[in-house]
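Following: one structure in structure tokens, then a few remarks.
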Amino acid sequence: AQSVTQLDSQVPVFEEAPVELRCNYSSSVSVYLFWYVQYPNQGLQLLLKYLSGSTLVKGINGFEAEFNKSQTSFHLRKPSVHISDTAEYFCAVTFGGTSYGKLTFGQGTILTVHP
Amino acid sequence: GAGVSQTPSNKVTEKGKYVELRCDPISGHTALYWYRQSLGQGPEFLIYFQGTGAADDSGLPNDRFFAVRPEGSVSTLKIQRTERGDSAVYLCASSSRGGDEQFFGPGTRLTVL
């Protein structure tokens, strides 16, 4: 079965500390991977995506993610977080050969950055 | 330019009633998606339009749910005989043809009493 799992529902962290939000997927077909962010009272916004090529992808606001095919993971990282990074983060995947179409989302991780 | 807009932003209805939710995609975007987000969960796919036709409706939960996009722009999600379990935020997204970035609207919060 094809699925997406975000291992942490909540991640608290202090300002300027590094953070990693974990995402794993299950699939027997090719995948395209995305991270979206949802700030309070706003719509979902694309942070970054992996389609092909280098497995380390960089996104907006200093975030990056690494695609690990052997571990079926696509973890999101930031070396130093800011208060304004407080939001809910969603990992999403398209399965089976196209980068468009139906997105399957993980359950979300709420990142709370404390001063 | 204008993003994806959804109306109404909030809808409260009674069990058994019919509701319509509207989505205005970004101008020129040929692909349009509907998702449903229940409390504490990630968005769940409902249906995807390419132009006027439904390219993938595999996420519609049952025949009470129906969506149309008659002119390839605005879309309406229709829910008949609403149930309390239909309460959720309904999200709409659009993208350019073959585009991999989906642009999301702010959602419609549906509450079924």
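The values are calculated or read from the model by the stated rules, or taken from the named source; none is laboratory data. Because the structure is predicted, anything quoted here is derived from the model rather than measured. Here Cβ is always computed from backbone atoms with ideal geometry, including for glycine, and neighbour counts include all displayed protein chains. Quick note on the areas: whole protein, heavy atoms, side chains included, nothing else; ligands and nucleic acids left out. Shrake-Rupley method; radii C 1.70, N 1.55, O 1.52, S 1.80 Å.
Looking only at the range A:17-51, residues that are away from chain B (no Cβ under 11 Å) and loosely packed, with under 12 Cβ neighbours inside 10 Å come to 4 in all. Just wondering, is there one or more residues in the range A:72-94 that are open to solvent by less than 10 Å² (accessible area, probe 1.4 Å), in contact with a Ser or Thr (Cβ under 9 Å, 6 or more places away or on another chain) and without any contact (Cβ under 8 Å) to a residue 12 or more places away in the chain? Checking the range A:72-94: not a single residue is open to solvent by less than 10 Å² (accessible area, probe 1.4 Å), in contact with a Ser or Thr (Cβ under 9 Å, 6 or more places away or on another chain) and without any contact (Cβ under 8 Å) to a residue 12 or more places away in the chain. Restricting A:87, A:65 to those that are under 10 Å from the mean Cα position of the chain (by Cα) and more than 10 Å from chain B (Cβ to nearest Cβ) reduces the list to A:65. The set of residues from the range B:88-113 being of a type in the set (D, E, K, R), within 8 Å of another protein chain (Cβ to nearest Cβ) and open to solvent by 40 Å² or more (accessible area, probe 1.4 Å) comprises just one member, B:101.
Every test in (1) surrounded by 15 or more Cβ atoms within 10 Å (Cβ to Cβ); (2) away from every other protein chain (no Cβ under 11 Å) is passed by residue A:58 save one, and that test is (1). Please work out which one of (1) surrounded by 21 or more Cβ atoms within 10 Å (Cβ to Cβ); (2) without any contact (Cβ under 8 Å) to a residue 60 or more places away in the chain; (3) away from chain A (no Cβ under 14 Å) is the condition residue B:72 fails and give its number. Condition not satisfied by residue B:72: (1).
A residue that is open to solvent by less than 80 Å² (accessible area, probe 1.4 Å), more than 14 Å from every other protein chain (Cβ to nearest Cβ), part of a loop (DSSP other than H, G, I, E, B) and free of Cβ contacts under 8 Å to residues at least 60 places away in the same chain can be found somewhere in the range B:78-87.
One residue is enough: does the range A:18-40 have a residue meeting the conditions among the acidic types (Asp, Glu) and in contact (Cβ under 8 Å) with a residue 60 or more places away in the chain? Before you say what the answer is, go through the steps one by one.
Kept after step one, since they are among the acidic types (Asp, Glu), are these residues of the range A:18-40: A:20.
Add one more test, that the residue is in contact (Cβ under 8 Å) with a residue 60 or more places away in the chain, and what stays is none.
Within the range A:18-40 (the criterion being among the acidic types (Asp, Glu) and in contact (Cβ under 8 Å) with a residue 60 or more places away in the chain), the answer is no, since none of the residues qualifies.
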